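What follows is a short report on a single structure.
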Amino acid sequence: MKRATISAAGIEPVLVSGMLADQLARGLSAGAEPGAVVVGGDERLGRAAAAVRVIAGDPSEEDDTFVRAADEARAAVVLVQLWPQAEWTRPYVLTPFVVECRPGEGFPVGAIADRIAEASERRRGLAVRVPVLRDAVGRRIRREGIVRAGLIGLAGDLLGASRPLLVLEQVRMVSRLAALRTGSVSSAETPLVAGIAAAGLAGGVTMRELARTARLALPAPLVNATVATVSTWALALAVRRLARIEPSQ
């Protein structure tokens with residue numbers, strides 16, 4: 001099985017800027033590696049994998065400048081809007097990744113983590129260093145794996161031997177989930193990943209038998225997509241429950 005690796009070294013940080021940036025950075029950096037979450041302005045964007053900007057009201061010229069600089073630096077931008085008002089719409093023009101922070105509720109760190117995981121192409125590398133991102137990134141990996149598995153099942157007749165492709169997708173998903181903790185699937189975790197993949201193969205035999213029966217009453221593509229989706233979801237659930245790679249949602 002191909003080794004899944006995420007290099008923690010050289011991964012750029014999450015940059016937090018704007019109002020109450022220090023407070024938000026403390027929430028995001030809980031348990032994180034030193035330097036994985038930093039506070040600063042656009043002068044630090046050159047090394048940032050993601051930039052979180054805290055604003056209140058309509059964006060200022062300084063906010064506009066920060067977002068433009070982040071775009072030029074290829075850093076994903078998440079805006080956290082304090083005390084949002086119904087008539088404030090401009091933040092959504094600057095970036096689609098906006099989190100509203102209601103008065104008296106503190107920073108919604110979980111929602112911000114979700115937006116970072118959604119926005120950044122370097123999400124898996126960040127999740128290795130920043131624990132609060134792991135749940136969000138793990139959810140995205142599971143969701144993407146399940147969707148791709150369903151598409152493989154749906155296009156089964158066109159792909160020919162779709163079962164090997166489905167197993168490959170499932171093993172890739174499990175490996176990526178396992179790698180979120182340390183950046184790679186360690187020797188201790190390899191048997192676990194292999195065991196879960198073997199369970200997927202064994203379960204696939206049972207699912208195929210059920211599928212043969214279901215095809216008598218339902219269209220084959222629909223049955224194949226359902227079987228692929230359910231079996232992949234079951235594998236993702238096994239990773240969470242048996243390996244305890246991620247905390248429960």
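FYI, it's all coordinate maths here, none of it is from the lab. All figures in this text were calculated on a predicted structure; none of them were measured in a lab. Quick reminder, even Gly has a Cβ in these numbers, built from the backbone with ideal geometry, and neighbours come from all protein chains shown.
Report relative contact order for region 104-143 in percent, whole number only (criteria: Cα-Cα under 8 Å, sequence separation at least 6).
41 percent
The simple Förster model, with R0 at 25 Å and r as the Cβ-Cβ distance, assigns Tyr92 and Leu151 a FRET efficiency of 0.25. Taking all pairs of distinct Cα atoms, average 1/r, flip it, and tell me the Kirkwood hydrodynamic radius of region 14-129 in Å to one decimal place. Computed over Cα pairs of region 14-129, the Kirkwood hydrodynamic radius comes out at 14.0 Å.
Between Thr65 and Ala30, full extension at 0.36 nm per residue minus the direct alpha carbon distance yields a gain of 9.7 nm. Label-to-label distance for Met19 and Arg47 is 2.9 nm, based on points extended 7 Å past Cα in the beta-carbon direction.
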